[in-house]
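The values are calculated or read from the model by the stated rules, or taken from the named source; none is laboratory data. Fair warning: this is a prediction, and the values are worked out from it, not measured in the lab. Reconstructed Cβ throughout: ideal geometry from the backbone, glycine too, with neighbour counts over all protein chains shown.
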Amino acid sequence: MAINMWIALGTVSFAQALYGEVQHREMINIPAGEFTMGCKKSDGVYCSPGSDTHKVYLDEYKIDKYLVTFERYQACIDSGYCTEPYYGAACNYQMKWSGNHPANCITYKQAEMICAYEGKRLPTEAEWAKAARGPKANLFPWGNTPEPSCDRVVMNQRVDGNKIGPGCGAGTTQAVGSKPKGASHYGVMDMAGNVFEWTSDWYSESYFKKSPYKNPKGPASGSTKVLRGSAWTAKYRDGLALTVRWPYAPAGQGYIVGARCAQSAN
């Protein structure tokens, strides 16, 4: 940006200048209580290895209603706290239209930093699962039916004859919260589709069999972190079900990977 523009902006951040006032910072309260985590063959969807059904109790907590957007992430960069994500190809940083889109191509550390900058943290895998599936362990955020479609999810489906299927015809992500019919039981947006989300847990296929009943936080160590959710490239119900969990290297900068933040109630 030219020096004279910086002078004209004064104390206005680059995020505000580029995108306007930073939005989508709302959080939703998730009540304390027990829920069912994991899946079984009779659910009729893909169960990731080691996703045994088990009961979990979580204390009350809060989770972002929306995925972290580029306007939120840019505010953290402007402060000097966050580093720039990778951009180019399908990585949307610095695209003029991407301010209210989920920040993709961010590493685990960058996801941690944006959450810390906002006084939050990454959710545990269990916190993510409860916020997504609700008290009835829904297979999709809105319930078990209807089947996923672009009416509810940013996914790989042709729309109005458009030959470009990914992102509901956009060929990329879409604005956060743009599919209100796809909200979870608690009102959390984009828990399926748009981008996968970092959680704070290390990945292990055996953890569900031995995890503590109350407030599990994942294994003490590992080589990969747990991604939850799905992405704008997902095409089938098995890939969009809330039972999906994937290992991903913390240094990964995938164009289908983003983040959502959480906060303890106390």
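Do we have residue 201 as crowded, with 18+ Cβ neighbours inside 10 Å, modelled with pLDDT of 95 or more and either over 26 Å from residue 40 (Cα atoms) or of a type in the set (Asp, Glu) (or both) here? Lay out the reasoning, then the answer.
Values: crowded, with 18+ Cβ neighbours inside 10 Å: yes; modelled with pLDDT of 95 or more: yes; either over 26 Å from residue 40 (Cα atoms) or of a type in the set (Asp, Glu) (or both): yes.
So residue 201 passes the test.
With the requirement that a residue be under 16 Å from residue 37 (Cα atoms) and touching a residue at least 12 places away in the same chain (Cβ under 8 Å), what does the stretch 193-214 give you? Outline the logic, then answer.
If we filter the stretch 193-214 for residues that are under 16 Å from residue 37 (Cα atoms), which is where we start, we get 199, 201, 203-214.
Answer for the stretch 193-214, where residues must be under 16 Å from residue 37 (Cα atoms) and touching a residue at least 12 places away in the same chain (Cβ under 8 Å): 199, 201, 203, 204, 205, 206, 207, 208, 209, 211, 213, 214.
Filter the stretch 215-249 for residues that are without any contact (Cβ under 8 Å) to a residue 40 or more places away in the chain and among the polar types (S, T, N, Q); which is nearest to residue 105 (Cα to Cα)?
224
Residues of the stretch 228-266 being in a loop (DSSP other than H, G, I, E, B) and surrounded by fewer than 19 Cβ atoms within 10 Å (Cβ to Cβ), which ones? So that I can check it myself, show each step before the final result.
Restricting attention to the stretch 228-266, the residues satisfying the condition of being in a loop (DSSP other than H, G, I, E, B) are 229-236, 241-244, 249-256, 259-261, 265-266.
Hits for the stretch 228-266 are 235, 236, 249, 250, 251, 252, 253, 265, 266.
Please find, within the stretch 146-190, the residue that is nearest to residue 233 (Cα to Cα) out of those that are small (Gly, Ala, Ser) and without any contact (Cβ under 8 Å) to a residue 24 or more places away in the chain. Break it down into steps so the answer makes sense when it comes.
First, the residues of the stretch 146-190 that are small (Gly, Ala, Ser): 149, 161, 165, 167, 169-171, 175, 177-178, 182-184, 187.
Retained after the next criterion (residues that are without any contact (Cβ under 8 Å) to a residue 24 or more places away in the chain): 149, 161, 169, 171.
Details: 149: 12, 161: 17, 169: 11, 171: 9 Å.
Ranking the qualifying residues of the stretch 146-190, first place goes to 171.
Report whether or not residue 120 is of a type in the set (Lys, Arg), surrounded by 18 or more Cβ atoms within 10 Å (Cβ to Cβ) and either touching a residue at least 60 places away in the same chain (Cβ under 8 Å) or over 17 Å from residue 257 (Cα atoms) (or both).
On the way: of a type in the set (Lys, Arg): yes; surrounded by 18 or more Cβ atoms within 10 Å (Cβ to Cβ): yes; either touching a residue at least 60 places away in the same chain (Cβ under 8 Å) or over 17 Å from residue 257 (Cα atoms) (or both): yes.
Yes; evaluated as a whole, the condition is true for this residue.
Is it the case that residue 193 is in a loop (DSSP other than H, G, I, E, B), at positive phi, touching a Phe, Trp or Tyr at 6+ places or on another chain (Cβ under 6 Å) and not polar (S, T, N, Q)? Break it down stepwise before answering.
Values: in a loop (DSSP other than H, G, I, E, B): yes; at positive phi: yes; touching a Phe, Trp or Tyr at 6+ places or on another chain (Cβ under 6 Å): no; not polar (S, T, N, Q): yes.
So residue 193 does not fit the description; no.
Starting from residues that are in contact with a helix residue (DSSP H, G or I) (Cβ under 9 Å, 6 or more places away or on another chain) and buried (at least 17 other Cβ atoms within 10 Å of the Cβ), keep the ones in the stretch 79-93 and report whichever is farthest from residue 232 (Cα to Cα). Walk me through how you get there before you give the answer.
Initial filter on the stretch 79-93 (in contact with a helix residue (DSSP H, G or I) (Cβ under 9 Å, 6 or more places away or on another chain)): 79, 81-85, 92-93.
Checking the rest, the ones that are also buried (at least 17 other Cβ atoms within 10 Å of the Cβ) come to 82, 85, 92-93.
Values: 82: 25, 85: 19, 92: 13, 93: 16 Å.
Going through the qualifying residues, I end up with 82.
Sort out for me the strands (runs of 3 or more DSSP E) sitting completely within the stretch 1-94 that have 2 or more residues that are at pLDDT 90 or above and in contact with a Leu (Cβ under 8 Å, 6 or more places away or on another chain). Give the derivation first.
Numbers: elements: 27-30, 33-37, 54-58, 61-64.
Where strands (runs of 3 or more DSSP E) fall fully within the stretch 1-94 and carry at least 2 residues being at pLDDT 90 or above and in contact with a Leu (Cβ under 8 Å, 6 or more places away or on another chain), they are 33-37.
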